[in-house]
Every structure is written in C-alpha cells, then in structure tokens.
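Encoded as structure tokens, the structure appears first; notes follow it.
The values are calculated or read from the model by the stated rules, or taken from the named source; none is laboratory data. All of these numbers come straight from a predicted model, not from anything done at the bench. Glycine gets a Cβ as well: all are built from the backbone with ideal geometry, and neighbour counts include every protein chain shown. SASA here: full protein model, heavy atoms, side chains in, ligands and nucleic acids out. Shrake-Rupley method; radii C 1.70, N 1.55, O 1.52, S 1.80 Å.
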Amino acid sequence: MDNEWFEIRKLSTHDVSQILIIQEESNLSFWSKDAYNDEAIRADTLSFVAIQSNDGSKVIGFIIARLLISESQNEVEIYNFGVLKEYQKLGVGSKVLQKLLNHLGEKHSIIWLEVRKSNITAINFYEKYNFKNVGIRKNFFSKPTEDAILMKCEI
C-alpha cells in the first residue's frame, strides 16, 4: 500500500477516545483520558496521530513524545506509541515515527524510550531506526510486571 491512504497530523483532544482503544488493543501502559488530553495541549509535547484518509477521523496510530531539556543538550522521550493491529506492518508506525524525527530536525540530539523486554517486534522496529539498547529498568511496567529495555537514539 502507498501512504496516500493515511495522513499524519498533530494530536488533538478529539482524538483521545480513539487513542484509548489503540492503547487497550496494543496492551500499552495505562494512561487515562485526562492524561492524553493534557498531552494534547502541553507546549512541550510532540504528539502526532495517523488518520485514515478516506474516513478523515479514524485514528489508526499515534505517538506521544515530550521535550526534555538538560544542561548539555535538548532531548526527547517517547512516552507512548501504538498502531491499531489491523494497520500494523503497513508503514503506519514508520511514518508516525518519521514525522516525529523530521519535526525534531537538528535541534535535538537524543531520543529515549522504554519498551517491554518481551516486545521483540517493537525492539526490532526501533533498532531499524538506530535505537540502541542501553540498559534495563527492573519491574518498570505493570499489568503484568515486566522489565523495560531502555533504548536511546542519537541523532
């Protein structure tokens, strides 16, 4: 499939109910509706949704990231990222992540994220984008409790 069948735009509060569906389907860490609404309006949040073009309102993927300002450099952390199962492996996740990377440009030098140790598919996906395993966070995730792989990408 070509990428004309979906578009990527900034997250809005109107997208949150559909993001909650993706969160549940993808077994992502629980975030409340209020937490997503807060991210949609924060000035330091970089969040995008993939929208099915022929519908114009169906959210099929999303990414939530936040700017982290440190003394040495501007960094970003990806907090949540998911694609509806029926749209996985069709380029949606890649385009959403690429939108974030393009938006960052050369202003930010490091991107961080945590991924469940058992989520080999996600780990392989991130490795394609030059994320490296830099550590383990013991018992980071809950429901079920699981270690996280800490990954870092230097731009």
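Does the stretch 105-119 hold any residues that are crowded, with 16+ Cβ neighbours inside 10 Å, over 14 Å from the mean Cα position of the chain (by Cα) and touching a residue at least 40 places away in the same chain (Cβ under 8 Å), and which are they? Matches in the stretch 105-119: HIS108, ILE110. Put simply, of SER118, SER109 the only residue that is hydroxyl-bearing (Ser, Thr, Tyr) and more than 20 Å from LYS89 (Cβ to Cβ) is SER109. Give the stretch 30-55 a look and list any residue that's closer than 17 Å to TRP5 by Cβ and open to solvent by 50 Å² or more (accessible area, probe 1.4 Å), or say none. Matches in the stretch 30-55: ASN54, ASP55. Would you say ILE63 is touching a residue at least 12 places away in the same chain (Cβ under 8 Å) and buried (at least 18 other Cβ atoms within 10 Å of the Cβ)? Criteria met by ILE63.
Looking only at residues of the stretch 95-104 that are more than 22 Å from ILE69 (Cβ to Cβ) and open to solvent by 30 Å² or more (accessible area, probe 1.4 Å), we find that the one that is modelled with the lowest pLDDT is GLN98. When PHE125 is tested against (1) surrounded by fewer than 16 Cβ atoms within 10 Å (Cβ to Cβ); (2) within 21 Å of ILE19 (Cα to Cα); (3) modelled with pLDDT of 95 or more, only condition (1) is not met. The sole residue among GLU86, GLU154 that is surrounded by fewer than 16 Cβ atoms within 10 Å (Cβ to Cβ), under 25 Å from PHE6 (Cα atoms) and of a type in the set (Asp, Glu) is GLU86.
Taking the stated definitions as given, is SER29 closer than 22 Å to ILE149 by Cβ, modelled with pLDDT under 95 and either part of a loop (DSSP other than H, G, I, E, B) or not hydroxyl-bearing (Ser, Thr, Tyr) (or both)? Can you show your working first?
Working: closer than 22 Å to ILE149 by Cβ: yes; modelled with pLDDT under 95: yes; either part of a loop (DSSP other than H, G, I, E, B) or not hydroxyl-bearing (Ser, Thr, Tyr) (or both): yes.
Yes: the conditions hold for SER29.
For the stretch 120-131, the criterion of being under 16 Å from the mean Cα position of the chain (by Cα) and of a type in the set (D, E, K, R) is satisfied by at least one residue. The set of residues from the stretch 18-29 being in contact with a Lys or Arg (Cβ under 7 Å, 6 or more places away or on another chain) and loosely packed, with under 14 Cβ neighbours inside 10 Å comprises just one member, GLU25.
Residues that are within 17 Å of the chain's Cα centre (by Cα) and modelled with pLDDT under 95 within the stretch 141-152 comprise just one, PHE141.
Out of ASN139, ASN130, one residue alone is of a type in the set (S, T, N, Q), on the phi > 0 side of the Ramachandran plot, open to solvent by 90 Å² or more (accessible area, probe 1.4 Å) and part of a strand (DSSP E or B). It is ASN139. For the stretch 68-94, a residue qualifies if it is within 17 Å of LEU150 (Cα to Cα) and either of a type in the set (Val, Ile, Thr) or modelled with pLDDT under 90 (or both), and the qualifying residues are LEU68, GLU75, VAL76, ILE78.
Evaluation of SER94 against the conditions (1) over 22 Å from PHE30 (Cβ atoms); (2) in a strand (DSSP E or B) shows that the sole unmet condition is (2).
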